[in-house]
Amino acid sequence: MPLNLGNDGGSSKKFIRYMASIGSWSKSEKNENGDYQDVKFEFSQAVFDFSNIRTGWAVFAKGMSPEWSMDESLTKQASKPDDGREWKRGFKVDIFSQQMFGGIVEWSSNSTGASMGIADLYSAYEKQAEDGKLPAVKFTGVKPVKVGMGSTNVPLFEITKMVATPEELQQGFDTPAVVVADDEDDEFPA
């Protein structure tokens with residue numbers, strides 16, 4: 001009997017990606033062959049799990065899974081790895097939207113534009129934070145910013161309201177999805 005070492009079981013987390021160079025989003029989706037591929041999508045509104053956001057040093061290499069050296073906490077930074085590769089500060093955050101993603105996805109990045117956008121959003125969240133509530137967030141566009149000798153597009157977000165932590169974020173990413181009717185206007189009631 002062969003070893004069952006596949007990583008495509010029901011517990012693997014989906015990912016989204018922000019492409020700062022063109023200011024657009026993509027998400028991982030299985031195609032008809034069962035392989036994951038990047039599919040562009042329009043980011044509307046989702047709940048960001050800022051109660052569990054993590055930061056650290058990351059290396060993102062094309063065609064490879066990201067490598068991380070995670071911080072002990074948001075206030076205690078890990079030492080930067082010294083192995084000759086380009087380690088940059090980054091973040092990981094789970095995002096929930098049944099309508100947009102069919103559940104929970106992870107957004108992780110160490111790009112300058114994404115990091116600037118998440119830092120601005122987290123700052124706005126800290127000003128509105130309430131126990132047991134998370135921000136329902138709307139993507140409102142991009143802002144071109146000059147950085148050093150180059151430029152980037154910073155994603156712009158708006159907190160539309162604070163909502164009770166969705167059950168899916170309380171239980172983890174392998175929780176069965178709750179079906180939301182297509183005609184329901186407000187996916188995240190206050």
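The values are calculated or read from the model by the stated rules, or taken from the named source; none is laboratory data. Note that the structure is predicted; figures quoted are calculated from it, not measured. In this analysis, Cβ positions are derived from the backbone assuming ideal geometry, glycine residues included, and neighbour counts consider all displayed protein chains. Surface accessibility is based on the protein's heavy atoms, side chains included, excluding ligands, DNA and RNA. Shrake-Rupley method; radii C 1.70, N 1.55, O 1.52, S 1.80 Å.
Every residue in segment 29-47 that is farther than 21 Å from ILE118 by Cα and not in a strand (DSSP E or B), please. Those that are farther than 21 Å from ILE118 by Cα and not in a strand (DSSP E or B): ASN31, GLU32, ASN33, GLY34, ASP35.
The set of residues in segment 29-53 being surrounded by 12 or more Cβ atoms within 10 Å (Cβ to Cβ) and among the acidic types (Asp, Glu) consists of GLU29, ASP38, ASP49. Every condition in (1) modelled with pLDDT of 95 or more; (2) of a type in the set (Gly, Ala, Ser); (3) at positive phi holds for ALA124 except the one numbered (3). Checked against the criterion of being at pLDDT below 95 and either open to solvent by 40 Å² or more (accessible area, probe 1.4 Å) or not charged (D, E, K, R) (or both), the candidates GLY141, GLY132, GLY56 yield just one match: GLY132. Pairs meeting the criteria (first residue in segment 114-135 and of a type in the set (S, T, N, Q), second residue open to solvent by 30 Å² or more (accessible area, probe 1.4 Å) and part of a strand (DSSP E or B), beta carbons under 8 Å, at least 6 apart or on different chains) are SER115/ARG89.
Residue check: SER26 meets all listed conditions (1) assigned to a strand (DSSP E or B); (2) surrounded by fewer than 15 Cβ atoms within 10 Å (Cβ to Cβ); (3) of a type in the set (S, T, N, Q); (4) at pLDDT 95 or above but one, namely (2). Set side by side, the residues GLU184, GLU167 differ, and just one is within 15 Å of ILE95 (Cα to Cα) and at pLDDT below 95, which is GLU167.
Does ASP71 satisfy the criteria of being at pLDDT 95 or above, among the charged types (D, E, K, R) and under 15 Å from the mean Cα position of the chain (by Cα)? The answer is no for ASP71.
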